[in-house]
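K.L.:
Attaching a single structure in structure tokens format; questions to follow.
The values are calculated or read from the model by the stated rules, or taken from the named source; none is laboratory data. Everything numeric in this text was worked out from a predicted model, so none of it was measured. Virtual Cβ from ideal backbone geometry, glycine too; neighbours counted across all protein chains shown. We work out accessible area using only protein heavy atoms, side chains counted, and drop any ligands, DNA or RNA first. Shrake-Rupley method; radii C 1.70, N 1.55, O 1.52, S 1.80 Å.
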Amino acid sequence: MTVQRTLGLVKPDAVAAGSTGAILAMIQAAGLKIVALRMTRIAAVEAEAFYAVHKERGFYGELCAFMSSGPIVAMVLEGPDAIVAWRNLMGPTDSTKAGPDTVRGRYGASVSLNAVHGSDAPETAAVEIPFFFPARELI
Ligand code: IDP
Ligand code: MG
């Protein structure tokens, strides 16, 4: 067990639905510590950079348009095995297959409108955290 940090995003669908507070409550109830938090909005070119790993995928254009369509809430979560812990709490990518105790199960609508993002590996978190937060904003 390693103490890790991971990037979490509340995506535009969940922010617009007013689900941010409930999602933050689930995160804290799960024992993950919020060490940085900010509401922001990214431009399409920033979404394209953030999701560059998916640029060959058919859904890339739709994904970048969605992620830049409205405000998001970015956060850094810390805890034991935080990357997997947050991915487990999020649930699977396809919200329709997510369990009732997961964020996507409660607040996601589909495979694309799925409420939240989480880094998928330590190397990913190391790139995604500084994408949103300068070091001095991390508690
Ligand atoms: P993840 O968010 O669970 O890590 P990824 O495979 O990394 O899932 O995909 C990134 C995001 O792209 C997803 O969260 C979702 O918003 C969108 N996405 C993934 N697969 C599809 C798809 O098949 N159709 C439409 N959008 C998708
Ligand atoms: Mg991913």
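K.L.:
Taking the condition of being part of a loop (DSSP other than H, G, I, E, B) and either farther than 16 Å from Ile27 by Cβ or without any contact (Cβ under 8 Å) to a residue 60 or more places away in the chain (or both), how many residues in the stretch 84-113 meet it?
P.N.:
Result for the stretch 84-113: 14.
K.L.:
Please specify each residue of the stretch 36-83 satisfying the condition of being assigned to a strand (DSSP E or B) and in contact (Cβ under 8 Å) with a residue 40 or more places away in the chain. Show your work before the answer.
P.N.:
Narrowing the stretch 36-83 to residues assigned to a strand (DSSP E or B): 36-40, 72-80.
Hits for the stretch 36-83 are Ala36, Arg38, Thr40, Ile72, Val73, Ala74, Met75, Val76, Leu77, Glu78, Gly79, Pro80.
K.L.:
Starting from the stretch 1-18, keep only residues that are within 13 Å of His117 (Cα to Cα) and basic (Lys, Arg), then list their pairs with residues that are part of a helix (DSSP H, G or I) and open to solvent by 10 Å² or more (accessible area, probe 1.4 Å) whose Cβ atoms are within a distance under 8 Å, requiring at least 6 positions of separation or different chains.
P.N.:
The qualifying pairs are Lys11/Phe66.
K.L.:
Are any of the residues in the stretch 25-35 among the β-branched types (Val, Ile, Thr), assigned to a helix (DSSP H, G or I) and more than 19 Å from Phe131 (Cβ to Cβ)?
P.N.:
Within the stretch 25-35, the subset among the β-branched types (Val, Ile, Thr) is 27, 34-35.
Next cut, assigned to a helix (DSSP H, G or I) only: 27.
With more than 19 Å from Phe131 (Cβ to Cβ) added as a condition, the list becomes 27.
Yes; the residues of the stretch 25-35 include at least one that is among the β-branched types (Val, Ile, Thr), assigned to a helix (DSSP H, G or I) and more than 19 Å from Phe131 (Cβ to Cβ).
K.L.:
Let me ask something else about it. Have a look at Pro100, Pro71 and point out the one that is surrounded by fewer than 13 Cβ atoms within 10 Å (Cβ to Cβ) and over 12 Å from the mean Cα position of the chain (by Cα). Show your work before the answer.
P.N.:
Working: Pro71 fails: surrounded by fewer than 13 Cβ atoms within 10 Å (Cβ to Cβ).
That would be Pro100, the only listed residue that is surrounded by fewer than 13 Cβ atoms within 10 Å (Cβ to Cβ) and over 12 Å from the mean Cα position of the chain (by Cα).
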